[in-house]
Amino acid sequence: MHRTRHGHRRQLVVGLVLLLMALTALPASARAEPGLPQPSPTPDARLDADARPNTDPLAAHPDADADPLADADPDSLAGADPDPLAGLALPDLATIPGSVRGDFAPDGRASSPAGDPEAPGADGGPSSGPLLPALSGPRMFRGRAFDTCMAPSLDTMRRWRSSKYGAVGVYYGGRGRACRHQPRLGHRWMKGVQRLGWRVLPVYVGSQSPCVVEGPKQTYRIGRHAWRQGVREGRDAVRRARAVGIRPGSPLYLDMEAYKYRQKKCARTTLTFVRGWDRQVRLKGYMPGFYSSADSGVAHVRAAARAGARDLPSVIWFARWHTRPRLAREPVLRGSAWSSRRRIHQYAGNVKERHGGRTLVIDRNLVHAPVARIR
């Protein structure tokens, strides 16, 4: 009887050892906790050649309904993300229900939220609603671009076709633009530059952050009702774009000059304005873009994206001067939702160039982003 009991124990031990060996031979995905998504071994094939794999959830699923941080207190997120941008002043997402995530679908097309922009709640905050089907594929440009304060003459634009540039940034509207008087800029000018082979990047310089750094821009600071002001100026941006022949499906780039985004109250106001502007532009069938300095507005918007904020820009135009032109290796945007096909790098500013016998003071840009459709 003692020998029989001993034999049973030995068989039990051998069985346990075999079971443990079988478990350790399973792949990691099989041992993972049920119901949790596993990382994909395949990076985004559309990234630039020198880009790092995109692990940001906004890039992989920019229109996903699930938003685990939508009701979180932004101030409580500071310890949840090891990124140095974590803990910045972010929007109070719990007080803005139903807002919509940035509108680039995985195939690079844009989509818009449903809903009437004039419906109740559109001025006081975004209303909930499903996303509309994606817009038709945007007109893309990849290459060099310049922007200058005042739209040059068509003759100058013809002469500058001999330069390395293929697109031009145009300050077509907004109360904060430096060159408000644009005698040449209109529908005829837009059609003219398009016939010459140029692509157009429409820039709207509206109200500026309450803590804007540049002195002259402080005259145009955002007021007390940031969301409503953003919505109103979004409407104005669309109205002015239509007036000069810019069709729906085009990007409109909001210019927000450098501001002290680490000041919590100011940053919250600024981001609320930007999101209101974005949502209104998107509702009208256009694609909201965002221009700012890399270490200021772009860093702030990037932090908001990581915290799960919605109604963010579709395209990022970041200014980092005195560096090589590059799109994928911008430190602030590593692992960002704004990857290939949605970036512009302004790498130099206020420089003189002469082509075809005409001199202009310009900013230099490297572009892989949507451009305007001119009717």
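The values are calculated or read from the model by the stated rules, or taken from the named source; none is laboratory data. Predicted model only: the values in this text are computed from it and were never measured. Every residue, glycine as well, gets a Cβ built from its backbone with ideal geometry; the counts of neighbours run over all protein chains shown. Note: accessible area is taken over every heavy atom of the protein model, side chains too, but ligands, DNA and RNA are not part of it. Shrake-Rupley method; radii C 1.70, N 1.55, O 1.52, S 1.80 Å.
Miscellaneous remarks
- Within segment 124-154, tally of residues that are modelled with pLDDT of 50 or more and open to solvent by 40 Å² or more (accessible area, probe 1.4 Å): 8
- Number of residues in segment 177-215 that are crowded, with 22+ Cβ neighbours inside 10 Å and among the small types (Gly, Ala, Ser) equals 3.
- The residue that is farthest from residue 371 (Cα to Cα), among those in segment 242-265 that are under 20 Å from the mean Cα position of the chain (by Cα) and either assigned to a helix (DSSP H, G or I) or of a type in the set (Lys, Arg) (or both), is 262.
- Sole residue being under 23 Å from residue 270 (Cα atoms), assigned to a loop (DSSP other than H, G, I, E, B) and over 20 Å from the mean Cα position of the chain (by Cα), chosen from 228, 224, 184: 224
- Identification of strands (runs of 3 or more DSSP E) wholly contained in segment 271-375 with 2 or more residues that are of a type in the set (S, T, N, Q) and within 19 Å of residue 164 (Cβ to Cβ) yields 343-355, 358-370.
- Unique residue being crowded, with 24+ Cβ neighbours inside 10 Å and touching a Pro at 6+ places or on another chain (Cβ under 7 Å) when the list is 315, 274: 315
- Where a residue in segment 355-375 is open to solvent by 20 Å² or more (accessible area, probe 1.4 Å) and its partner, wherever it lies, is among the small types (Gly, Ala, Ser) and assigned to a loop (DSSP other than H, G, I, E, B), with Cβ under 6 Å and at least six apart: 355/163; 373/249; 373/250; 375/245
- Note on segment 326-354: residues that are among the acidic types (Asp, Glu) and buried (at least 18 other Cβ atoms within 10 Å of the Cβ) total 1.
- Residues in segment 283-312 that are among the basic types (Lys, Arg) and open to solvent by less than 10 Å² (accessible area, probe 1.4 Å): 302 alone.
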